[in-house]
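The values are calculated or read from the model by the stated rules, or taken from the named source; none is laboratory data. Keep in mind the model is a prediction, meaning the values are calculated, not measured. All Cβ positions, even for glycine, are placed from backbone atoms using ideal geometry, and neighbour counts span all protein chains on display. Side chains are part of the model used for accessible areas, which takes the heavy atoms of the whole protein and leaves out ligands, DNA and RNA. Shrake-Rupley method; radii C 1.70, N 1.55, O 1.52, S 1.80 Å.
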Amino acid sequence: MPLKGLLSSRSGNIAANPGARGAGAGSSLSDAQKLAMLEDLERSGLGWFWASDTDGRLAYLSATIAERLDVPIDELVGHPVAQIFQPAASDGREKPLALRLGAHKAFTGLAVRAARRPDGAVLRLAGHPVFEPSGRFLGFRGTGADITEEWYREEETERLAKFDSLTGLANRHRMAQFIESTLTAFRAAKRNCAVMMLDLDRFKQVNDTLGHAAGDELLKQVADRLKRAIDRECEIGRLGGDEFQVMLPDLDDRGVLGEIAMKVIAMLKQPYSLAEGRCVIGSSVGIAIAPHDGVTREEVVRSADLALYAAKNGGRGQFRFYSGELENETIFRRRLEADLGTGLSENQLFVKYQPVIEAKSGKVTTLEAKICWNHSQRGEIDEEEFASILDGSSLVGDVGRWAIREACSHAALWPESVRVAIGVPVALFSEQGFVDTVAEALSEADLPANRVELGISEAVFFGDANEVDRTLGRLFKLGVRLTLDEFGSGYSSLAYLRRAPFDTIRIDSRLVAEADRETNGGESRELGLVRAIVALAGALGMDTLAGGIETMSLNHALTECGIGFVQGPIYYEAAPRETVEAEIMGEGWRIDPSSDRTARARRRTVLRKINVIHDDHSYEVTLRNLSRTGALIQGLMDVPKGTQFVVDLGGGQLAVATVTRTNGDTQGLEFEQHLVDDGSGGLVTRNRVSPYALAAAGAPLAALSPGSYKAMGGMSRQGGHGEGGHGEGQSIPQFGYAKSARAEQA
């Protein structure tokens, strides 16, 4: 329909509608003048028009609109309007045009694009229905305007309000809204949802040494790696700084979540190439699962935060699941950090020593200092836990200086053939007076410099290159020996070896541990790397050291690779000063590896009370031993082999188990489904019984998290617990959750 026809149709409609005459009663323009005015208006771009017929087909369209849409007008006119245009927004916020047209009601402000040009111009359409006096629908008449620039400007503004401008990930506000809405919907549908909190390790060092531009580029690369690492439906956000958050709907399998967390940690610790230089960081991950660890956003995020804090305290580069114990653990850890100053001033710190042995001769050549703490209330805090407390503390420099003086004073009393090794924190190495501190300690102890080995982390090279080289040069002139710690951790650079006069390369403990897991199947990739490092060190005239050796097979494999010096539980654990001094004062201390020596357990004690369930009865027993495949319990007399129990490990952790051996009041159990790592050396069930199912079955309150219990409004009945050590259990009313444990595990 041409514009003249459109005008005639409009005029006829007015003439037929007396109520509309007043609108044009004062007009003195002829139809030809009106037509010319409308055509001028179209050409100017100030106003465009469209019309449809009774069947919804496009009857008229201003030529200028067709030009803006980049579609020939003859391919538009005569086609259904609802097929020509589609809503510009792709998020489903706009009601489809077909519904608006089918309702025969006026509309305004509808943003559309040409269906054939989804990335083209954006128009704002308005339209109103036209009817005959009899009420018969004639079609729509309307206007259009090009709002492309305005649309993209508003879209960018909206995007910036929801997404991080640096990484393109969701921002804090969007993540909060998304988690809130998801958990609300999932609570009604009784579905699971996992939230991960991630924090980058050593990111501040990159920012401080390479600059903020390098830090920004690093964050972009981290975001890209996160997207690649998590290859399933999820929402990833950057909350600010170096803190990230991931929400994974419909996932409560802690085995799968642990695998995802380890993949993220492994990918993020690989080297990054930036314009300002090469750098390496790490990451720690905390995981919480709704509804087990909370049902509201605040509860779940707080649980994930506590798990992240525990992962960082555990040595970084780890993941942790939330558990009810973490809150007390976190409070206690903060108290320990606050007490550290008192411990230093009141001489509560002390040093243990672990021998370093020459692999070929078995001779002890060095004693490595390990700082421990005799806490006034906690008792002895070993070197591993103390290191995690000290990490990031403002007192790291003070403790480091104390350790150097203390170790030098001890070594002065040892035979000249035995050196002392001391690890140097990055913060202490970067201090202006560090070399003077070492020189003063040597002078005070009257100890030759060549009897001191300083362990230097690769992280010191992230600092100012000139300052680092100057400090290393002064240490070399002083005469102390230097060891490059944790070489082969995934970011080692040959440039470090060329720049610094290192005497020894200590192979990364994680590489050694991985090699230990692979030694039974021939030479692994990790052993190949060890062999290459040994060859490199030999070419550069350096010694090699591997620590943390726990098995005879690994020890044999490492010595076959040509490792020069070894250390670990299979040789000797860290021991008090008096113990090692009594050994080295003889003719010469030699230590052979022994399979009788075992590493200290790094897991939490499992000597605790739990419940086991048989039929409709619950019995309290003592859990004495726990492994991936089974457990040892004590407290029930003469239980036959083959008896099936549901082992309640707390917090909805139910494991179906069968008695495989029995002796009096002690039974060995084998789990139907193996336990999985909790990220900190402990074990957990792969799945937990849903708190919704527990509440419906009348489970004990102890099985529910506070948040879950509150959200479900309490329970109408509470199950009983059996008397510990007796053969008679207490019947649990409406007991269903034990019988459903097998189904929940499936």
**Message:** Need one number: nm distance between label points at residue 431 and residue 658, each 7 Å from Cα along Cα→Cβ, rounded to one decimal.
**Reply:** 6.2
**Message:** Give me the dipole magnitude in Debye, nearest 20, for region 330-384 about the Cα centre, with unit charges on the beta carbon: positive for Lys and Arg, negative for Asp and Glu.
**Reply:** 100
**Prompt:** Expressed as a whole number of Å, what is the distance separating the alpha-carbon centroids of region 332-388 and region 162-201?
**Reply:** 40
**Prompt:** For region 79-238, what relative contact order do you get, as a whole percent, if you take Cα pairs closer than 8 Å and at least 6 residues apart?
**Reply:** 15
**Message:** Quick check: residue separation of residue 591 and residue 137 times 0.36 nm, minus the Cα distance between them. What number comes out in nm?
**Reply:** 153.3 nm
**Asked** Efficiency by 1/(1 + (r/R0)^6): what FRET value for residue 153 and residue 208, r their Cβ-Cβ distance, R0 = 51 Å, to the nearest 0.05?
**Response** 0.85
**Prompt:** Taking the Cα-to-Cβ direction at residue 444 and at residue 79 and moving 7 Å from each Cα, how far apart do the two end points lie in nm?
**Reply:** 8.7
**Request:** Holding the Cα-Cα limit at 25 Å, pick out from 162/269; 312/370; 162/220 the pairs that are longer than that.
**Result:** 162/269
**Prompt:** For the pair residue 232 and residue 634, how long in nm is the line joining their label points, each one 7 Å along Cα→Cβ?
**Reply:** 3.9
**Difference of contour (0.36 nm per residue) and Cα-Cα distance, residue 334 to residue 224** = 36.2 nm
**Request:** Evaluate E = 1/(1 + (r/R0)^6) for residue 624 and residue 513, where r is the Cβ-Cβ distance and R0 equals 35 Å; express this FRET efficiency to the nearest 0.05.
**Result:** 0.80
**Cα lying deepest toward the dipole's positive end in region 255-348, options 290, 311, 275, charges on Cβ** = 275
**Message:** Rolling a 1.4 angstrom probe over the protein chains, ignoring ligands and nucleic acids, what is the accessible area of residue 335 in square angstrom, nearest 10?
**Reply:** 150
**Prompt:** Which aspartates and glutamates have a Cα lying under 14 Å from the Cα of residue 227, excluding residues fewer than 8 positions away in the same chain?
**Reply:** 235
**Prompt:** Counting only the heavy atoms of the protein chains, how much of residue 502 is accessible to a 1.4 Å probe, in Å² to the nearest 10?
**Reply:** 10
